[in-house]
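The structure appears below as structure tokens.
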Amino acid sequence: MDSALSALIAELPDGTVVTDPDILGSYRQDRAADPDAGTPLAVVRPRRTEEVQTVMRWATAHHVPVVPRGAGTGLSGGATALDGGLVLSTELMRDIAIDPVTRTAVTQPGLFNAEVKKAVAEYGLWYPPDPSSYEICSIGGNIATNAGGLCCVKYGVTTDYVLGVQVVLADGTAVRLGGPRLKDVAGLSLVKLFVGSEGTLGIVTEATLKLLPAQHRGCTVVASFDSVAAAADAVVEITGRIRPSMLEFMDAVAINAVEDKLKMGLDRNAAAMMVAASDDRGPAGVEDTEYMASVFTEHGATEVFTTADPDEGEAFVAARRYAIPAVEAKGSLLLEDVGVPLPALAELVSGVEKLAEQHGLMISVIAHAGDGNTHPLVVFDPSDAAMTERAHTAFGEIMDLAVGLGGTITGEHGVGRLKRPWLAGYLGPEAMELNRRIKVALDPDDILNPGAGL
Ligand SMILES: Cc1cc2nc3c(=O)[nH]c(=O)nc-3n(C[C@H](O)[C@H](O)[C@H](O)COP(=O)(O)OP(=O)(O)OC[C@H]3O[C@@H](n4cnc5c(N)ncnc54)[C@H](O)[C@@H]3O)c2cc1C
């Protein structure tokens with residue numbers, strides 16, 4: 001393999017292939033921190049589509065698996081390295097071109113989501129998808145996971161903003177799909193097939209993104225509840241009537257974990273906190289904000305606070321975004337991503353509470369509540385074998401609970417390696433077989449991200 005790798009090194013610009021063991025170590029895991037992560041043969045950091053093609057031709061010729069990697073913030077082990085494989089990192093693919101007339105951006109995958117937002121903001125434009133990790137995750141990773149986020153309750157998820165992609169297939173073929181056209185129904189919806197495919201079908205080397213005019217910074221409503229179910233019921237009522245631009249939920253564990261770190265005066269005694277917003281302009285925004293505040297009050301909120309000051313509102317949004325790192329300070333996390341139809345939200349959250357009690361575990365629930373997408377964070381101590389086993393049992397039971405309520409095993413983080421054992425059960429034999437047939441058609445030798453996703 002050494003001489004084969006030397007051939008790849010020779011074909012690519014100097015420094016593209018990295019074999020220094022100290023550097024390889026930092027590419028073994030993503031944020032799922034899989035303890036069984038392998039050690040790659042090399043990390044490859046191309047700058048151009050043609051270089052990605054070279055890597056894939058080489059990998060196919062030598063039957064070497066390739067794990068695509070953006071910024072490694074994934075929470076499902078989709079970018080976990082494999083022993084003897086390549087990690088193909090897009091971190092140096094950072095070009096972007098913005099066309100304010102068609103309101104599109106053509107970007108390479110390695111830019112962070114926040115960098116894309118910042119670049120397009122200079123033209124008075126906005127790229128909506130906003131995972132909580134937007135400052136540290138790449139746009140390519142967002143496309144590969146079909147990332148969601150906080151404003152998705154009104155604006156949809158990543159796929160709704162991807163008009164076109166260039167992908168490199170396992171055999172090195174580069175294909176352009178879609179482009180800067182708002183409507184295009186020629187052929188199958190292959191752009192949609194690649195969005196969310198978790199690096200298993202092709203490597204996204206360029207994307208054409210749809211942009212919107214800059215978002216209005218509207219009003220924020222923050223409410224505390226002494227009952228989780230009451231907060232969830234308020235969500236159902238609100239979404240039945242209006243379209244808030246944010247409807248986020250934190251439970252008591254998350255509130256306290258965030259307050260421990262940020263000390264911003266959150267109500268430590270609350271069972272739940274909602275952070276909601278409207279970005280409508282003028283009277284419509286004020287009306288929606290007042291409506292949300294009144295629904296929270298009717299559902300027994302112990303405190304309701306409304307602000308039209310964008311910076312004050314942003315402080316609460318930042319608190320919600322900080323929930324995962326804050327709870328992570330309590331121990332290792334198994335991070336769930338289950339989603340249910342909205343009417344089942346209260347039942348899901350109270351079901352998770354029961355599982356936490358039953359297994360003697362701390363499980364904090366945060367949620368993009370308006371989407372019915374929750375993140376139960378199962379906290380455990382990896383040095384305690386019995387607790388680790390209970391945590392893994394609870395992790396599986398939470399997915400069973402969600403599926404039993406008509407929900408999904410993952411709403412936005414993807415299947416990765418962590419949730420793969422549950423995929424076939426969730427999809428059912430026919431849909432699983434169809435997924436596999438598509439994978440085999442595009443990647444017959446299983447070179448691209450084997451063991452992740454489908
Ligand atoms: C604190 C925190 C908060 C988060 N909040 C959210 C949230 O609100 N919403 C949400 O959706 N996610 C969230 N995430 C999860 C994560 O940030 C997203 O899944 C993100 O989209 C991953 O991007 P990445 O660049 O880090 O990708 P990576 O972790 O590097 O990779 C993710 C997957 O994409 C594949 N991949 C990466 N780049 C490419 C490419 N160019 N072509 C093909 N495949 C590729 C990888 O193989 C892997 O399967 C959060 C994570 C953290 C740590």
*Could you name the lysines whose alpha carbon sits less than 17 Å from that of K354, not counting residues in the same chain fewer than 8 places away?*
none
*Please turn the phi angles of the stretch 90-102 into ³J(HN,Hα) values with the Karplus equation 6.51 cos²θ - 1.76 cosθ + 1.60 (θ = phi - 60°), one per residue in order, whole Hz, x for glycine and proline.*
8, 4, 9, 8, 10, 7, 8, 10, 10, 10, x, 6, 7
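Please arrange M432, M56 by how many other C-beta atoms lie within 10 Å of their C-beta, fewest to most.
Values: M432 15, M56 24.
With the sparsest Cβ surroundings first, the list reads M432, M56.
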*Which lysines have a Cα less than 25 Å from the Cα of K263, not counting those fewer than 8 places away in the same chain?*
K330
*Which of the peptides 79-92, 278-291 is most tightly packed, and how do the rest follow, going by the mean number of other Cβ atoms within 10 Å of each residue?*
79-92, 278-291
*Normalised by the residues of the chain, what does the relative contact order come to in percent, with Cα pairs under 8 Å and at least six apart?*
16 percent
*Anything over 27 Å Cα to Cα? Flag those among K419/K439; K154/K192; K154/K439; K117/K183, in the order listed.*
K154/K439
*List the pair-distance distribution P(r) of the chain, using every Cα-Cα distance, as the percent of pairs falling in each 20 Å bin from 0 up to the bin containing the longest distance, rounded to whole percents.*
25, 56, 19, 0
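List the relative contact order of the stretch 310-404 as a percent without decimals, with contacts defined as Cα pairs under 8 Å and 6+ residues apart. Spell out each step's value before the answer.
Details: 119 pairs, mean separation 31.9, N = 95.
Here the relative contact order equals 34 percent.
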*To the nearest µm²/s, what D does Stokes-Einstein give for the stretch 1-42 at 25 °C and 0.890 mPa s, using the Kirkwood radius over alpha carbon pairs as Rh?*
211 µm²/s
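Got the relative contact order for the stretch 330-454 handy, in percent, Cα pairs under 8 Å and 6 or more residues apart? All intermediate terms of the calculation are to be shown ahead of the outcome.
Working: 174 pairs, mean separation 34.9, N = 125.
Relative contact order for the stretch 330-454 comes out at 28 percent.
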*May I ask for the distance between the Cα centers of the stretch 212-254 and the stretch 372-404, given as a whole number of Å?*
25 Å
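Kirkwood hydrodynamic radius of the stretch 69-164 from all distinct Cα pairs, in Å?
Numbers: mean 1/r = 0.0722 Å⁻¹.
13.8 Å is the Kirkwood radius here.
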*Any lysines with Cα under 16 Å of the K118 Cα? List them, leaving off those in the same chain fewer than 8 positions away.*
K210
_Residue-span extension gain [V185 to D22] - 0.36 nm each, minus C-alpha spacing_ = 53.9 nm
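Where a number appears in this text, it was derived from the coordinates with a stated rule and is not lab data. Fair warning: this is a prediction, and the values are worked out from it, not measured in the lab. Note that we place each Cβ from the backbone using ideal geometry, even for glycine, and neighbour counts take in every protein chain shown.
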